[in-house]
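Trainee: Let me give you the structure first, and then I'll get to my questions.
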Ligand SMILES: NC(=O)c1ccc[n+]([C@@H]2O[C@H](COP(=O)([O-])OP(=O)(O)OC[C@H]3O[C@@H](n4cnc5c(N)ncnc54)[C@H](OP(=O)(O)O)[C@@H]3O)[C@@H](O)[C@H]2O)c1
């Protein structure tokens, strides 16, 4: 298969690039060339900033692809700047979405039929969350219908595993939060630590993209993740266990954490608000339709992330 990947040199995109190249697919990645990446030799690289006018159109002039994967569709315009120049050049379009578009959830586990608009009732109606990702999905749906291109949208949950720092207990991606556990320091956990977080391992999620690419006739929207969600308390427990510590925690209401640390570099407000929402999804649809079968449990995925952070020197033994 001849595949164009927009992004493709970091984390999920990189895992996909490597998987496709390893099985002999013709892979072309398009990115700015800023993120350092070790790519297989067979991978063709296009240096493109998708936000620069006509840049992608020029870069793919005279080329066609069986499929294109847009890993970084973060808004309506970042979807259209990729789809418009690819019209007539691709047989299938796959976009990376996010399950954040369903938040706040009305029921768990949530499926693909879960509404994507904020609830009408109470504080939920104020939640703006992932409206940018929803706009990207809507734009892809509009343009793929117009150009008659089969569209697959894959919506991962929180991604974890070697390659990037996972979301921490304050909604950021700060290695220092994990270091606190190693150093036996007290960690402030939002609310009562019972919010559910649903991690998907980056390797399993990349497998879902391969399955989607192989089955354009099953083009649809799918949520992709691991088999079960875990509580924040269990997340902390697993992190502590993996570094041979007993977690020292205090519980702090989310709003108090925000008041204490807003504006600082340790806390990410949007991430923290998201972390305090229950996130739990069924993957029945993608299993049944595409044959998806995640291999890595959240417990193994968390250990993989920690190993990677140690290897990178982002965290160190006490
Ligand atoms: N992380 C999570 O927990 C999570 C959860 C759910 C969904 N998602 C979704 O997963 C997707 C991928 O996330 P990721 O963390 O794996 O990837 P990422 O780190 O966001 O990937 C960045 C990639 O895009 C390229 N890039 C960035 N800006 C570019 C531009 N203007 N033009 C061309 N290329 C550009 C980068 O290369 P250069 O720097 O060289 O350009 C790199 O290859 C996103 O759609 C995200 O919304 C993530």
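The values are calculated or read from the model by the stated rules, or taken from the named source; none is laboratory data. It should be emphasised that the depicted structure is a prediction, and the values quoted were computed from it without experimental measurement. Cβ atoms come from the backbone with ideal geometry, glycine included; neighbour counts cover every protein chain shown.
Trainee: Tell me, which residue of region 152-175 that is under 14 Å from residue 306 (Cβ atoms) and outside any loop (DSSP other than H, G, I, E, B) is nearest to the ligand (Cβ to nearest atom)?
Mentor: 160
Trainee: State whether the residues of region 252-265 include one that is under 23 Å from the mean Cα position of the chain (by Cα) and surrounded by 18 or more Cβ atoms within 10 Å (Cβ to Cβ). Let's see the steps before the verdict.
Mentor: Of all residues in region 252-265, those under 23 Å from the mean Cα position of the chain (by Cα) come to 265.
If we keep only those that are surrounded by 18 or more Cβ atoms within 10 Å (Cβ to Cβ) too, we end up with none.
Looking for residues that are under 23 Å from the mean Cα position of the chain (by Cα) and surrounded by 18 or more Cβ atoms within 10 Å (Cβ to Cβ), one finds none in region 252-265, hence no.
Trainee: Out of 188, 226, report the one residue that is modelled with pLDDT of 95 or more, at negative phi and assigned to a loop (DSSP other than H, G, I, E, B).
Mentor: Working: 188 fails: assigned to a loop (DSSP other than H, G, I, E, B).
Just a single option satisfies the conditions, and that option is 226.
Trainee: Also: Here's a check for you: in region 229-243, which residue that is outside any helix (DSSP H, G or I) and in contact with a helix residue (DSSP H, G or I) (Cβ under 6 Å, 6 or more places away or on another chain) is farthest from residue 141 (Cα to Cα)?
Mentor: Within region 229-243, the first condition is being outside any helix (DSSP H, G or I), and the residues that meet it are 229-231, 243.
Right, trim to in contact with a helix residue (DSSP H, G or I) (Cβ under 6 Å, 6 or more places away or on another chain) and you get 230, 243.
Values: 230: 32, 243: 45 Å.
Filtering region 229-243 for residues that are outside any helix (DSSP H, G or I) and in contact with a helix residue (DSSP H, G or I) (Cβ under 6 Å, 6 or more places away or on another chain), the one farthest from residue 141 (Cα to Cα) comes out as 243.
Trainee: I've got another one for you. I'd like to know if region 16-39 contains one or more residues that are within 14 Å of the ligand (Cβ to nearest atom), surrounded by 15 or more Cβ atoms within 10 Å (Cβ to Cβ), part of a loop (DSSP other than H, G, I, E, B) and in contact (Cβ under 8 Å) with a residue 24 or more places away in the chain. Let's see the steps before the verdict.
Mentor: Quick first cut of region 16-39, residues within 14 Å of the ligand (Cβ to nearest atom) only: 16-19, 27-39.
Adding the requirement that they be surrounded by 15 or more Cβ atoms within 10 Å (Cβ to Cβ) leaves 16-19, 27-31, 37, 39.
So of that shortlist, the ones also part of a loop (DSSP other than H, G, I, E, B) come out as 37, 39.
So of that shortlist, the ones also in contact (Cβ under 8 Å) with a residue 24 or more places away in the chain come out as 37, 39.
For region 16-39, residues within 14 Å of the ligand (Cβ to nearest atom), surrounded by 15 or more Cβ atoms within 10 Å (Cβ to Cβ), part of a loop (DSSP other than H, G, I, E, B) and in contact (Cβ under 8 Å) with a residue 24 or more places away in the chain: present.
Trainee: List pairs: first in region 282-297 and at positive phi and modelled with pLDDT of 95 or more, second crowded, with 16+ Cβ neighbours inside 10 Å and assigned to a helix (DSSP H, G or I), Cβ under 9 Å, 6+ apart or cross-chain?
Mentor: 291/211
Trainee: Going through 212, 229, 208 one at a time, which residue ends up being over 30 Å from residue 36 (Cα atoms), touching a strand residue (DSSP E or B) at 6+ places or on another chain (Cβ under 7 Å) and within 16 Å of the ligand (Cβ to nearest atom)?
Mentor: Numbers: 212 fails: over 30 Å from residue 36 (Cα atoms); 208 fails: over 30 Å from residue 36 (Cα atoms).
Result: 229 is the single residue among 212, 229, 208 that is over 30 Å from residue 36 (Cα atoms), touching a strand residue (DSSP E or B) at 6+ places or on another chain (Cβ under 7 Å) and within 16 Å of the ligand (Cβ to nearest atom).
Trainee: For region 45-85, which residues satisfy the criterion of being surrounded by fewer than 16 Cβ atoms within 10 Å (Cβ to Cβ), within 14 Å of the ligand (Cβ to nearest atom) and over 25 Å from residue 142 (Cβ atoms)?
Mentor: 45, 47
Trainee: Out of curiosity, is residue 149 touching a strand residue (DSSP E or B) at 6+ places or on another chain (Cβ under 7 Å) and either at pLDDT 95 or above or buried (at least 17 other Cβ atoms within 10 Å of the Cβ) (or both)?
Mentor: On the way: touching a strand residue (DSSP E or B) at 6+ places or on another chain (Cβ under 7 Å): yes; either at pLDDT 95 or above or buried (at least 17 other Cβ atoms within 10 Å of the Cβ) (or both): yes.
Taking the combined requirement at face value, the residue satisfies it.
Trainee: Let me ask something else. Suppose we keep only residues that are buried (at least 17 other Cβ atoms within 10 Å of the Cβ) and within 13 Å of residue 77 (Cα to Cα) within region 133-146. Which one would you say is farthest from the ligand (Cβ to nearest atom)? Give the steps one after another, and end with the answer.
Mentor: Kept after step one, since they are buried (at least 17 other Cβ atoms within 10 Å of the Cβ), are these residues of region 133-146: 133-137, 139-140, 143-144.
Among the residues that remain, those that are also within 13 Å of residue 77 (Cα to Cα) are: 133-137, 139-140, 143.
Working: 133: 6, 134: 11, 135: 12, 136: 8, 137: 11, 139: 14, 140: 12, 143: 17 Å.
Looking at the filtered set, the residue picked out is 143.
Trainee: For residue 101, are the conditions met, namely being assigned to a helix (DSSP H, G or I), within 13 Å of the ligand (Cβ to nearest atom), surrounded by 14 or more Cβ atoms within 10 Å (Cβ to Cβ) and modelled with pLDDT under 95?
Mentor: Details: assigned to a helix (DSSP H, G or I): yes; within 13 Å of the ligand (Cβ to nearest atom): yes; surrounded by 14 or more Cβ atoms within 10 Å (Cβ to Cβ): yes; modelled with pLDDT under 95: yes.
Yes: the conditions hold for residue 101.
Trainee: Does residue 129 satisfy the criteria of being over 27 Å from residue 307 (Cβ atoms) and either at pLDDT below 95 or more than 14 Å from the chain's Cα centre (by Cα) (or both)? Let's see the steps before the verdict.
Mentor: On the way: over 27 Å from residue 307 (Cβ atoms): yes; either at pLDDT below 95 or more than 14 Å from the chain's Cα centre (by Cα) (or both): yes.
The answer is yes for residue 129.
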